[in-house]
Amino acid sequence: MTAHFALAKTQRYAIVEARIVRPAGQASLPLDGEGLAKVDIVVEDGRIAAIAPAGAQALGETPRLPLANRIVLPPFVDAHTHLDKGHIWRRAPNPTGAFPAALDAVASDRAANWSAADVARRMEFALRSAYARGTRAIRTHIDSIGRQTRVSWPVFDAMRERWRGRIELQGSPLFPIDRALDDAHMADIEAMIDAHGSNLLGAVTFMIPRLEEAIERLFRLAERKGWDLDFHVDETHDPAARSLDVIAETAIARRFGGDILVGHCCSLTRRNDEEIEPAIERVARAGLSVVSLPMCNMFLQDRLPERTPRWRGVTALHELKAAGVPVMIASDNVRDPFYAYGDLDMLEVWREGVRILHLDYPFAAWAPTVFATPAAAIGVDAAALSVGAPADMILTRARDFTELFARPHVDRTVLRNGLLVEEAAPDFAELDDLEGLAP
Ligand SMILES: [Zn+2]
């Protein structure tokens, strides 16, 4: 990656005249019209030693990197991904782009190809991509069905160790909710989470005859173990899909003490207006956090042959935020049958999220959806630029939000512990042998 900023090779240096989204607890930093604060940031021994309004602190002989009003971001937190599924598009294409075809294509590819080595190679590729783009923490869902469960979890565990200190990795099991009623399946899940997991249990929820019972089984297991919960919820256009309500009601009734993250919730916006409000109030009361996956939703939802889509597929993020629900956006699938594109680049997710979900006006109010809110929701160190924190940051060439979202900024400069990350995102050709192309 070409660094546009020449970093001083010293233990102490200052990044001056940078514009940042003001972190919580730093109300003394004055804001400009866009909600950005113009600051000088002192880096010392790999940590942020000081942040002050530009020009307000004496820097003496400290070497300076002048940013001339360019935006500096904290590292990203990606709260919902599928590292085990990624980069299989070429050998498992989705012939129509539709949801049922995606399920079928993944199931076939999983049965045929997901050895430990195959899963590990694709996970590693994905993590290198995310790291080069400035992501510090990722939660991935792990397909946990049949024999795959015992193949993928040890791979995840090894990958988490391998990447410790660079990307904090969490794993949540993924299986259709009806499997929660299968004792043998659940024993397998419990064993794998005990051995390799992240104190985190999850499933894909949709309408089945014994939905309440199945969801309650997961809550009971999570309570017994002290685990958090993470669900894929109502990823459909069908307004009759109400598993979100069942999760919220169960959390309230059981006074569940852990954290619950719910993803997708697409069909919420397909209900009548008078039904949306009480549902959101229940989500808020239950203490759920909501992650929207705008790129994947836009790809899969409202897709019918030879018909132009009318609906963006995303959930009611504005209304949820207004009700006090922590809301965020994340990558979801990458180059697999559920989403043909993507690269685990959270700046792309943010940029597309701004466009698809109108996360603008004011831009700065929505910025936490890719930083502090997902950090809090998945329980990793708050992703904010703060004194004493590691000097992990992303230097962009953008001077305001329209410049930030006008371009992909693949030329951004990523710092970790005050040092330049020199690794670029890997070349797709590295996966050719896995994708059925000649090596
Ligand atoms: Zn997902």
May I ask you to list pairs of residues, at least six apart or on different chains, whose Cβ atoms are under 8 Å apart, with the first in the stretch 70-81 being free of Cβ contacts under 8 Å to residues at least 24 places away in the same chain and the second being more than 16 Å from the ligand (Cβ to nearest atom) and outside any strand (DSSP E or B)? none
Confirm whether Ala429 is more than 29 Å from His318 (Cα to Cα) and within 22 Å of the chain's Cα centre (by Cα). no
Checking Val43, Val16 in turn, the sole residue that is in contact with an Asp or Glu (Cβ under 7 Å, 6 or more places away or on another chain) and either touching a residue at least 60 places away in the same chain (Cβ under 8 Å) or not in a loop (DSSP other than H, G, I, E, B) (or both) turns out to be Val16
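Suppose the filter is away from the ligand (no atom under 16 Å from the Cβ) and crowded, with 17+ Cβ neighbours inside 10 Å; does Glu168 pass it? Before the answer, list the steps.
Details: away from the ligand (no atom under 16 Å from the Cβ): yes; crowded, with 17+ Cβ neighbours inside 10 Å: yes.
Yes, satisfied.
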Counted residues, the stretch 290-309 - those being within 16 Å of the ligand (Cβ to nearest atom) and within 21 Å of Leu103 (Cβ to Cβ): 11
From the option list Pro95, Pro100, single residue qualifying as in a helix (DSSP H, G or I), modelled with pLDDT under 95 and not small (Gly, Ala, Ser) is Pro100
Taking the condition of being among the hydrophobic types (A, V, I, L, M, F, W, C) and farther than 22 Å from Arg397 by Cα, how many residues in the stretch 60-80 meet it? 1
Out of the residues in the stretch 109-150 that are within 16 Å of the ligand (Cβ to nearest atom) and of a type in the set (A, V, I, L, M, F, W, C), state the one that is most open to solvent (accessible area, probe 1.4 Å). Ile145
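Identify, please: which residue in the stretch 46-89 is in a loop (DSSP other than H, G, I, E, B), aliphatic (A, V, I, L, M) and touching a helix residue (DSSP H, G or I) at 6+ places or on another chain (Cβ under 7 Å) and is, among those, nearest to Tyr341 (Cα to Cα)?
Going through the stretch 46-89, the residues in a loop (DSSP other than H, G, I, E, B) turn out to be 46, 54-63, 67-70, 74-75, 82-89.
This time we only want the ones that are aliphatic (A, V, I, L, M), so: 54, 56, 58-59, 67-68, 83, 88.
Going one step further and asking which of them are touching a helix residue (DSSP H, G or I) at 6+ places or on another chain (Cβ under 7 Å), we end up with 83, 88.
Details: Leu83: 14, Ile88: 11 Å.
Result: Ile88.
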Close pairs (8 angstrom Cβ cut-off, 6 or more residues apart or separate chains): farther than 25 Å from Ile138 by Cα in the stretch 215-242, open to solvent by 50 Å² or more (accessible area, probe 1.4 Å) and within 16 Å of the ligand (Cβ to nearest atom) anywhere: Ala241/Phe206
Name the residues in the stretch 402-415 that are over 19 Å from the mean Cα position of the chain (by Cα) and outside any loop (DSSP other than H, G, I, E, B), would you? Thr402, Glu403, Leu404, Ala406, Thr413, Leu415
Look at Ala323 and say whether it is small (Gly, Ala, Ser) and within 27 Å of Lys85 (Cα to Cα). no
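Mind listing just one residue for me: the one in the stretch 317-334 that is part of a loop (DSSP other than H, G, I, E, B) and surrounded by 24 or more Cβ atoms within 10 Å (Cβ to Cβ) and, of those, farthest from the chain's Cα centre (by Cα)?
Here is the first cut: in the stretch 317-334, the ones part of a loop (DSSP other than H, G, I, E, B) are 323-326, 330-331, 333-334.
Going one step further and asking which of them are surrounded by 24 or more Cβ atoms within 10 Å (Cβ to Cβ), we end up with 330-331, 333-334.
Values: Ala330: 3, Ser331: 5, Asn333: 10, Val334: 12 Å.
Looking at the filtered set, the residue picked out is Val334.
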Residue count for the stretch 232-283, restricted to those that are in a helix (DSSP H, G or I), out of contact with any Asp or Glu (no Cβ under 8 Å at 6 or more places or on another chain), open to solvent by less than 40 Å² (accessible area, probe 1.4 Å) and not acidic (Asp, Glu): 4
Just checking, does the stretch 12-28 include any residue being among the aromatic types (Phe, Trp, Tyr) and open to solvent by 20 Å² or more (accessible area, probe 1.4 Å)? no
Give the stretch 83-108 a look and list any residue that's without any contact (Cβ under 8 Å) to a residue 12 or more places away in the chain and surrounded by 22 or more Cβ atoms within 10 Å (Cβ to Cβ), or say none. none
Count of the stretch 37-78 residues which are at pLDDT below 95 and open to solvent by less than 10 Å² (accessible area, probe 1.4 Å): 0
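Please verify whether the stretch 276-289 includes one or more residues that are within 12 Å of the ligand (Cβ to nearest atom), among the polar types (S, T, N, Q) and closer than 20 Å to Leu200 by Cβ.
Filtering the stretch 276-289 down to residues within 12 Å of the ligand (Cβ to nearest atom) leaves none.
No - not one qualifying residue is present in the stretch 276-289.
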Can you tell me which residue among Ala37, Ala52, Ala58 is free of Cβ contacts under 8 Å to residues at least 40 places away in the same chain and closer than 20 Å to Phe363 by Cβ? Ala37
Hey, can you tell me all the residues within the stretch 343-358 that are within 13 Å of Val291 (Cβ to Cβ) and either aliphatic (A, V, I, L, M) or surrounded by fewer than 19 Cβ atoms within 10 Å (Cβ to Cβ) (or both)? Met346, Val349, Leu357
Residue in the stretch 219-230 that is within 16 Å of the ligand (Cβ to nearest atom), in contact with a Cys (Cβ under 8 Å, 6 or more places away or on another chain), open to solvent by less than 10 Å² (accessible area, probe 1.4 Å) and of a type outside the set (Asp, Glu) present: no
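The values are calculated or read from the model by the stated rules, or taken from the named source; none is laboratory data. Predicted model, so just to flag it, every value in this text is computed and none were measured. Please note: Cβ atoms are built from the backbone with ideal geometry, for glycine as well, and neighbour counts cover all protein chains shown. Accessible surface is based on the protein model in full, side chains and every heavy atom, while ligands, DNA and RNA are left aside. Shrake-Rupley method; radii C 1.70, N 1.55, O 1.52, S 1.80 Å.
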